[in-house]
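One structure is given below, encoded as structure tokens.
The values are calculated or read from the model by the stated rules, or taken from the named source; none is laboratory data. On a predicted model such as this, the values are computed, not experimentally measured, just so you know. Neighbour counts run over all protein chains shown; Cβ positions are idealised from the backbone, glycine included. Please note that ligands, DNA and RNA were not included when accessible areas were found on the heavy atoms of the full protein model with its side chains. Shrake-Rupley method; radii C 1.70, N 1.55, O 1.52, S 1.80 Å.
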Amino acid sequence: MEGRRVSRRKPRRNPLYVLFMGLLALSLVLLITVVVLGFKLKSARSDLAAAQTKIEQLRGGSQTGEDGQTVTGEDGSITGENDVSEPTQGDNMSGDNQTGGDTIDWLDLTGHDEVSVKPSTVYDKYYIYYTTGGVNLRSGPGTCYIWNIVYVKELIHDLKKVLPQVRIWMGGPEASYDAVHLMDELPEVELIMQGEGEETFTRLVEACERGTEVCFSEIPGIVLRCSDDTVEVHRPAPLMNLDDIPFSYGDLSGLEHRIIYYESSRGCPFSCSYCLSSIDKKVRFRSLSLVTRELQFFLDRKVPQVKFVDRTFNCKKSHSMAIWQYLLDHDNGITNFHFEISSDLLDDDELALMKQMRPGLIQLEIGVQTTNLVVVKEIRRTMDLDKVARRVAQVNTFGNIHQHLDLIAGLPYEDIESFHRSFNDVYKMEPEQLQLGFLKVLKGSYMEEMKQKYGLLSQSKPPYEVLRTNWLSYEEVIRLKGVEEMVEVYYNSGQFRRTMKCLSQEWGDAFDLYDRLAAFYEEEGLNGVSHNRLARYEILYLFIQKWGNKEISYQDLLIYDLYLRENVKSRPSFAPDPSEWKNETKQFFIREAKERRYLKGYEAYDSRQMAKMAHLEQMEDGSFVLFDYKNRDALFGNAAAFSISQDEI
């Protein structure tokens with residue numbers, strides 16, 4: 001019997017019904033759009049009103065804000081190439097300079113927030129507040145350097161439009177070493193301070209307050225725009241005595257979770273061609289009595305980290321030993337101190353002192369830059385590479401100090417193969433972090449003078465990073481950028497320590513491993529995407545499945561690394577289902593609550609609570625690993641981990 005054919009076509013809609021639904025949808029879209037635009041318009045009007053009010057307040061001086069200060073670097077500027085601290089409240093504004101109780105808003109020419117101070121001239125350590133042309137100004141040694149000069153130039157152009165009477169001065173390395181050209185580029189700028197700025201700036205403001213601006217012609221260390229619009233270059237200012245510089249921190253409000261920068265010396269004894277510190281051959285030190293008193297200020301307030309900006313902290317043994325000894329004797333158990341050192345200068349006395357320190361009290365940054373001796377000589381660097389390796393290895397045995405080793409890509413006479421070898425040499429030293437940086441051709445450096453000889457092309461705008469050299473092509477620079485990214489994610493993060501150690505040993509060539517991993521990201525379209533932590537494990541597992549040794553249990557290593565840092569609730573797709581050892585987990589924690597064999601400090605908790613606070617993971621061979629998150633490693637912050645056999649469950 002022939003079956004009946006059934007039509008599968010959808011019933012035809014009534015055209016009027018379709019039209020009605022379309023109009024309804026369009027109306028909803030328009031309604032939502034109107035509501036959103038209404039909110040945006042209201043917000044924009046509010047912002048505009050606030051901006052107009054702010055300008056009027058700045059002209060008239062009536063708004064209360066926040067005060068701030070920041071430590072200065074080698075040229076009287078905010079230090080650190082990548083980190084800039086927020087300003088903080090000062091504590092030593094002179095009562096003699098205060099004239100009344102009303103606070104006045106000051107326009108901050110350093111790029112920080114508006115500040116609240118007393119009227120008239122106030123010498124607040126580094127910052128000086130004064131009134132000119134009816135506008136209250138705050139200015140000081142906020143530096144113009146590679147990470148902010150683009151924004152500073154934009155600010156100068158716009159500032160002069162809204163406040164044409166404001167006098168604009170500049171300082172810092174980006175201004176100092178290209179002053180005349182910068183004066184041509186920025187006709188709004190009256191003068192530029194060259195070199196160290198603290199004393200020069202103070203003299204300039206004092207001249208303004210006395211009404212003797214004509215005396216600018218007698219002040220050294222400036223490039224001045226004269227009344228006839230010619231530019232006058234003055235003689236260099238003498239180097240300062242570091243003891244004459246006031247301590248920059250008074251109130252740390254707002255800086256509780258930020259890096260604090262501190263300077264105990266200026267200058268560098270070495271002459272590395274890429275570094276501005278090499279220009280000043282004389283190293284000056286702040287008196288130890290001042291340094292220890294100021295460090296105690298940080299210790300008393302238990303700040304998380306103090307980063308010394310001294311270019312070679314241990315270039316004078318008596319200075320570095322005294323400070324390290326003081327930190328050891330007055331350790332508060334919390335604060336970490338970061339030092340940039342030359343490890344080949346370390347001797348047995350310094351190493352013996354370091355060995356006694358609390359894990360995490362200090363960390364060391366060591367600029368290796370290259371292990372190619374031809375390159376070392378060409379960049380005017382002095383370094384005993386064998387001794388560097390020995391000292392790094394010795395410190396590693398202490399187990400209490402993070403070591404960060406630096407490399408620079410793009411140096412003269414270093415091609416891709418040479419950098420490959422340098423990378424592997426430093427990787428074998430097993431630092432906690434391997435910082436792969438790229439040459440920045442800084443204004444005023446010897447490297448800038450040698451650009452033509454080296455065929456060195458760099459970015460036209462800050463940070464003037466290398467694009468190519470006679471030895472390294474642009475394509476190879478981009479390739480090294482990929483390696484850098486993989487090192488940051490899979491090595492410097494410390495989240496894949498066991499996995500990457502095993503993988504690099506299997507690979508036999510660390511550079512090739514990270515190079516191949518970068519290529520894998522490119523091939524799989526994984527670049528340019530924000531990956532969460534779990535995704536990084538999934539990607540590494542896929543990479544290992546394609547390129548790794550199948551006989552090695554990388555699944556166990558990845559899961560071990562994952563739980564070592566955090567008791568995660570979401571598990572990667574390659575991880576086994578923990579319900580497979582659910583009974584063993586329950587049995588283990590019941591026994592642990594009675595016998596307290598592994599978990600110390602859990603006496604107040606029952607077995608169920610302990611099972612939530614710790615984690616038990618079964619490995620492929622049937623054994624278990626217990627992760628204790630209450631008791632973490634002091635240096636790395638990893639959970640305590642215990643290997644447990646089936647019999648011990």
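Residue 443 meets the conditions (1) at pLDDT 95 or above; (2) open to solvent by 20 Å² or more (accessible area, probe 1.4 Å) in every case but one. The failed one is (1). Just so you know, in the stretch 483-503 the residues that are open to solvent by less than 20 Å² (accessible area, probe 1.4 Å) and not hydrophobic (A, V, I, L, M, F, W, C) include one that is farthest from residue 375 (Cα to Cα), and it is 499. Taken over the stretch 257-301, the criterion of being farther than 26 Å from residue 368 by Cβ, within 24 Å of the chain's Cα centre (by Cα) and among the charged types (D, E, K, R) is satisfied by 258, 294, 301. Cβ-Cβ distances below 7 Å connect the following pairs, each with a first residue in the stretch 369-390 that is of a type in the set (Asp, Glu), a second residue that is surrounded by 15 or more Cβ atoms within 10 Å (Cβ to Cβ) and in a helix (DSSP H, G or I), and a separation of six or more residues or different chains: 384/344.
Residues in the stretch 371-395 that are of a type outside the set (A, V, I, L, M), more than 18 Å from residue 312 (Cβ to Cβ) and open to solvent by less than 50 Å² (accessible area, probe 1.4 Å): 371, 372, 378.
Restricting attention to the stretch 336-355, and to residues there that are acidic (Asp, Glu) and farther than 19 Å from residue 411 by Cβ, which single residue is surrounded by the fewest Cβ atoms within 10 Å (Cβ to Cβ)?
The initial filter retains those residues of the stretch 336-355 that are acidic (Asp, Glu), namely 340, 344, 347-350.
Still in the list and also farther than 19 Å from residue 411 by Cβ: 347-350.
Numbers: 347: 11, 348: 8, 349: 10, 350: 18.
Looking at the filtered set, the residue picked out is 348.
Filtering the stretch 356-370 to residues that are over 16 Å from residue 339 (Cα atoms) and either open to solvent by 30 Å² or more (accessible area, probe 1.4 Å) or among the basic types (Lys, Arg) (or both) leaves only 356. Taking (1) at pLDDT 90 or above; (2) under 21 Å from residue 206 (Cβ atoms); (3) out of contact with any Phe, Trp or Tyr (no Cβ under 8 Å at 6 or more places or on another chain); (4) not hydroxyl-bearing (Ser, Thr, Tyr) in turn, residue 169 satisfies each apart from (3).
So which of 598, 605, 541 is without any contact (Cβ under 8 Å) to a residue 24 or more places away in the chain and either among the β-branched types (Val, Ile, Thr) or open to solvent by 30 Å² or more (accessible area, probe 1.4 Å) (or both)?
On the way: 598 fails: without any contact (Cβ under 8 Å) to a residue 24 or more places away in the chain; 541 fails: without any contact (Cβ under 8 Å) to a residue 24 or more places away in the chain.
On inspection, the qualifying residue turns out to be 605.
The set of residues in the stretch 284-324 being of a type in the set (Ser, Thr, Tyr), in a helix (DSSP H, G or I) and buried (at least 20 other Cβ atoms within 10 Å of the Cβ) consists of 320 alone.
Output yes when any residue across the stretch 578-593 is part of a loop (DSSP other than H, G, I, E, B) and surrounded by fewer than 15 Cβ atoms within 10 Å (Cβ to Cβ), and no when none is. Don't jump to the end; show me each part of the working.
The first filter runs over the stretch 578-593 and keeps only residues part of a loop (DSSP other than H, G, I, E, B), leaving none.
No, the stretch 578-593 contains no residue that is part of a loop (DSSP other than H, G, I, E, B) and surrounded by fewer than 15 Cβ atoms within 10 Å (Cβ to Cβ).
Of the listed requirements (1) over 29 Å from residue 334 (Cα atoms); (2) aliphatic (A, V, I, L, M); (3) open to solvent by 70 Å² or more (accessible area, probe 1.4 Å), residue 616 misses just one: (3). Comparison of 333, 250, 254 shows that the only residue that is surrounded by fewer than 20 Cβ atoms within 10 Å (Cβ to Cβ), within 21 Å of the chain's Cα centre (by Cα), of a type outside the set (A, V, I, L, M, F, W, C) and not in a strand (DSSP E or B) is 254. Looking only at residues of the stretch 217-247 that are in contact with a Gly (Cβ under 9 Å, 6 or more places away or on another chain) and either of a type in the set (Lys, Arg) or open to solvent by 50 Å² or more (accessible area, probe 1.4 Å) (or both), we find that the one that is nearest to residue 171 (Cα to Cα) is 236. Among residues of the stretch 337-349 that are more than 17 Å from residue 400 (Cβ to Cβ) and touching a residue at least 12 places away in the same chain (Cβ under 8 Å), those with a beta-carbon under 7 Å from a residue that is of a type in the set (Asp, Glu) and buried (at least 19 other Cβ atoms within 10 Å of the Cβ) at least six positions away or on a different chain give the pairs 340/310; 340/365.
Do you know which residues across the stretch 537-559 are outside any helix (DSSP H, G or I) and among the β-branched types (Val, Ile, Thr)? If the condition is that a residue be outside any helix (DSSP H, G or I) and among the β-branched types (Val, Ile, Thr), then 552 is the only one that fits.
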